[in-house]
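For reference, the structure discussed in these notes is given below.
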């Protein structure tokens with residue numbers, strides 16, 4: 001089961017990164033072109049939101065089942081080893097913050113009334129989240 005969830009988590013990472021990049025570029029173009037924010041644009045924001053939340057659920061499952069996650073943190077030696085610290089603390093914490101930013105950006109875009117502000121909310125929050133996620137990917141294990 002753990003192997004299947006790890007494969008899901010690794011595969012979903014590509015969808016999350018692609019979805020965030022696509023929505024970021026789409027919202028940036030929408031803001032710069034002074035286009036009207038429509039229901040289609042709101043739904044387009046879900047391309048980044050939904051895979052990120054599925055990724056979060058798979059990541060939480062891995063965190064508690066994997067020896068690199070919570071059990072590594074509770075052993076007491078995780079903070080001294082950079083690789084252990086990445087898997088046990090940095091990767092989960094930064095990615096949870098990124099998913100919170102994605103959710104806040106999407107929610108703000110739904111509630112605002114000015115189209116340019118709605119697009120801005122999407123590209124600002126999704127862009128920051130994308131940078132945070134890219135900064136904490138364990139590249140050596142992922143590629």
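Brief remarks on what is shown
- Scanning region 121-143 for residues that are over 13 Å from the mean Cα position of the chain (by Cα) and surrounded by fewer than 20 Cβ atoms within 10 Å (Cβ to Cβ) returns 124, 138, 139, 140, 141, 142, 143.
- Filtering 109, 58, 98, 88 for residues that are surrounded by 14 or more Cβ atoms within 10 Å (Cβ to Cβ), in contact with a helix residue (DSSP H, G or I) (Cβ under 8 Å, 6 or more places away or on another chain) and without any contact (Cβ under 8 Å) to a residue 24 or more places away in the chain leaves a single hit, 88.
The numbers here are math on the coordinates, done by the rules we state, and not lab data. What you see is a predicted model; the values in this text were computed from it and never measured. Reconstructed Cβ throughout: ideal geometry from the backbone, glycine too, with neighbour counts over all protein chains shown.
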